[in-house]
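Let me begin by presenting the structure, written as structure tokens, before commenting on it.
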Amino acid sequence: MGRSFIGLLVIGATLTAVATTATADDAKDEEFNTQLIRATVKISHDKSTGTGFVLSDGKKFILVTAAHVFDGTPDDETTIVFRCKESDGVYRKQPAKLIIRKEGKSAWTKHPTEDVAAMWLVPPQNADVPKIPLGLLASDELLRKHKVHPGETLSCLGFPHRNESNDSGFSLLRSGPIASFPLVPTTINKTFYLSANTFEGDSGGPVYLTRTTGKEDLKFIIGLISGQRFLDEEAKMIYGTTKLRHRLGLAIVVHGTFIKETIDRLP
């Protein structure tokens, strides 16, 4: 069986890895799926596309994605696609250049062992970016406390094969159950499987839980999409062999603990 990363034209302002005060609304009363869709962005260049999402420490914005999205970008800049909301309530795309390297040095921080990258982000003026707090990243303690378990349904956001949900450029939402056990400790179980079809372009997208019961209304980010699981086989024929690859419908998810560790390493 094999594992595959899910991959990563230029208009608007140039963004650099410089911290700025977070100015977008925090949307405290907005439903969580909508908040995360607004916070999820396309990261794109002419050869491939990936997904990222924006978090806030209360004062500054942070872009999170899979490390291989940036590693696979050949140039020093790529394009990040935000949205802005017009006075009539209509959203439109707001693409901008994102500088990811300077003089050969990465402008992002990479986790030392896991497929996670983060960088400070300055969204364009008027970009619609909600403040998703870092406290919503799931820890081992949170997963244990709320008994997150195999079979529980999670949601994920991304841009499969560059596809968007509409002309405004929002991501696509898919859902599926947790397909592996155990989840913790994440120091040992660094990734887990989600039973959902993911594709090239989904890498870096958030994976999250929303759970509503009579006693609690939970919402937190459990991790990010890193890849997908394949079954590879070789078929022998009279005049040679051919290799076949089958999608297993399993997304590989890196735990939120490694997102937090990566953010903690930001300069």
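The values are calculated or read from the model by the stated rules, or taken from the named source; none is laboratory data. Keep in mind it's a predicted model, so treat the numbers as computed, not measured. Methodologically, a virtual Cβ is constructed for each residue, glycine included, from the backbone with ideal geometry; neighbour enumeration extends over all protein chains shown.
So here's what we get for this one:
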read-out	value
Subset of the range 143-196 [basic (Lys, Arg), in a loop (DSSP other than H, G, I, E, B) and exposed (fewer than 15 other Cβ atoms within 10 Å of the Cβ)]	LYS147
All positions within the range 229-267 that are within 27 Å of LEU134 (Cβ to Cβ) and in contact with a strand residue (DSSP E or B) (Cβ under 6 Å, 6 or more places away or on another chain)	ALA251, ILE252, VAL253, VAL254, HIS255, GLY256, ILE259, LYS260, THR262, ILE263, ARG265, LEU266
Checking PRO95 against (1) part of a strand (DSSP E or B); (2) under 30 Å from THR187 (Cβ atoms), the condition it does not meet	(2)
The range 121-142, subset farther than 30 Å from SER87 by Cα and not small (Gly, Ala, Ser), residue surrounded by the most Cβ atoms within 10 Å (Cβ to Cβ)	LEU137
Residue in the range 156-166 that is among the small types (Gly, Ala, Ser), within 17 Å of HIS255 (Cβ to Cβ) and either at pLDDT below 95 or touching a Gly at 6+ places or on another chain (Cβ under 8 Å) (or both) present	no
Considering residues of the range 197-251 that are part of a loop (DSSP other than H, G, I, E, B), at pLDDT below 85 and charged (D, E, K, R) only, the residue farthest from the chain's Cα centre (by Cα)	LYS215
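For every residue, the table says whether it meets (1) buried (at least 24 other Cβ atoms within 10 Å of the Cβ); (2) within 16 Å of ALA127 (Cβ to Cβ); (3) out of contact with any helix residue (DSSP H, G or I) (no Cβ under 6 Å at 6 or more places or on another chain).
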position: LEU36; (1), (2), (3): yes, yes, yes
position: GLY52; (1), (2), (3): yes, yes, yes
position: SER56; (1), (2), (3): no, yes, yes
position: LYS59; (1), (2), (3): no, no, yes
position: ASP71; (1), (2), (3): no, no, yes
position: PRO74; (1), (2), (3): no, no, yes
